[in-house]
Structures are given as C-alpha cells and as structure tokens.
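Read the figures in this text as sums done on the coordinates, not as results from a lab. Since the model is a prediction, treat every value here as computed from it, not as a measurement. We place every Cβ from the backbone using ideal geometry, glycine too, and count neighbours over all the protein chains shown.
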Amino acid sequence: QEITEVCGSYACGKTELVYTTAVLAPKALGGDVLILDTEATLSVTRIRQIAKSRELDPDEAISPIHLRRVPSSSDLIATLETAHKFIKEKGVRYLAIDSFVSPFRREYPGRELLCPRQQKLNYAIGLLIKLARAYDMAVLVTNQVQATPVAQYTTTRPEFLKPPIGGYVMAYGANNRIYLQETDKPNVSIATLIDSSYLPRQSRTIRITERGIEDAD
C-alpha cells in the first residue's frame, strides 16, 4: 500500500530497477505486474534477458507482466481512473510507472504553467494512493532530476544538488524516496533512501548487470 519514488539522472538505473522488480514481483507479492510507460522506452527483450539471467523461464516471467504505453498526462490519468477493473481481473499486486512526472513536465513547461502542472500531478498522485490502498498494491514511480548550480556551494546531498522534479507534490505523495546517483565507475550507482515515513536515511551501492539491478556492496 505504499508509493516508492526512484529518482536520478539519465542512465543511473531507474528503468533497470523497474525491469528487475517486475521480474521478481509476481513471486514475491503473489500477483501480476502492470507497467505504465510514458516515454516509449520499455523493452520486453531486456525483461526477458533479466529473467533468463536469473534462471527463470522468459516466457513464464513475462506472462504476468502487462505493459501499457501512456504518452501523455491525460492518457496516464485516464488509465489510472479506469484501472480498477483490470487490476481486479488480473490480480495486479505491483504497479510501476516509468517515468511518472515526465509527461507533465513536457506538457506544462515554464514557470507560468507550474500551477496547473502541479494541480494535475497532485490529482494523479491521489489516484495512485487510492489504487495502492484499495488493492493492497506496491507502487513504484521513476522520476527525473534537475540541476541547481547555486546549491553546490552549500550542500553535498544529491537531492539538493539535483532535486527531483515535482516539488512538494512528489515529496508528500511518496512514502519512500530513493535517489540514484551516478559514480565514476561504469554501470555503478549509489542508491540513497533520502526520505521515508518509517526508515532512516541509508545508502547502498548498486550495479547494473545482465541480471538487472544487483547489490554491489
């Protein structure tokens, strides 16, 4: 019944985390997986590769994973508003959205459109919370970050140097916020739990491999 936000720069492992958790969720949570793709980047081939590398049958692994493309914020909201029947029929226990804020950011650029963007984003977050609670689902959303050069002189925390998009709407909507920070090593990132309603701040080093996301510590 929780929403976990995973944010970070390009190629730091956000989508790979969606793939990996999608492969593992059916067994771990006892139900199907629904992935909503707002950027048309999700790869069934990659999901199958992760499953095979984890010694799972790719056909069986992909069977309970349902992919839907939602290119606009209106498509995303409409899908969330009408998802009840599909979730009940398929027994969905895990919902992932990659990337959640991206369509809102594309369609509402500039400060003059910030207010309507945040209002629409807040409505979408509300729909997610209701779905998670109604169907006892785990929800994961990925998010992008933006640079704030001025902050570099006052803090070393990554969430202040490059804060997640969405402001307070995302901060209050997510139960857990994980920040993926790139390192100077290829395919290696630092995953930091920057905020949680019940867990302390902590970090782990992760690696992207054929098996998806793995612990590198």
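Points to keep in mind about this one:
- Around VAL92: net Lys/Arg minus Asp/Glu count, Cβ-Cβ under 13 Å: +2
- Rounded if a/c under 1.5, otherwise prolate or oblate - segment 105-217, Cα gyration tensor axes: oblate
- When only the Cβ of Lys, Arg, Asp and Glu is charged (+1, +1, -1, -1), the dipole of segment 3-215 relative to its Cα centre reaches about 320 debye.
- Here's the picture: charge each Lys and Arg Cβ at +1 and each Asp and Glu Cβ at -1 in the chain, and of ALA134, GLN49, GLN202 the one pushed furthest to the positive end of that dipole is ALA134.
- Flagged links, alpha-carbon separation over 21 Å, of LYS14/LYS120; LYS90/LYS130; LYS14/LYS85: LYS14/LYS120; LYS14/LYS85
- The chain: DSSP helices with Cα axial extent of at least 18 Å and average Kyte-Doolittle hydropathy no lower than -0.5: 114-134
- Looking at segment 3-215, the DSSP beta bridges with both ends there are about 40 percent antiparallel.
- Rounded, prolate or oblate (a/c below 1.5 giving rounded, otherwise prolate when a/b exceeds b/c) for the chain by Cα gyration tensor: oblate
- Segment 120-217: trypsin sites (Lys or Arg not before Pro) in DSSP loop, at most 10 other beta carbons within 10 Å: ARG201
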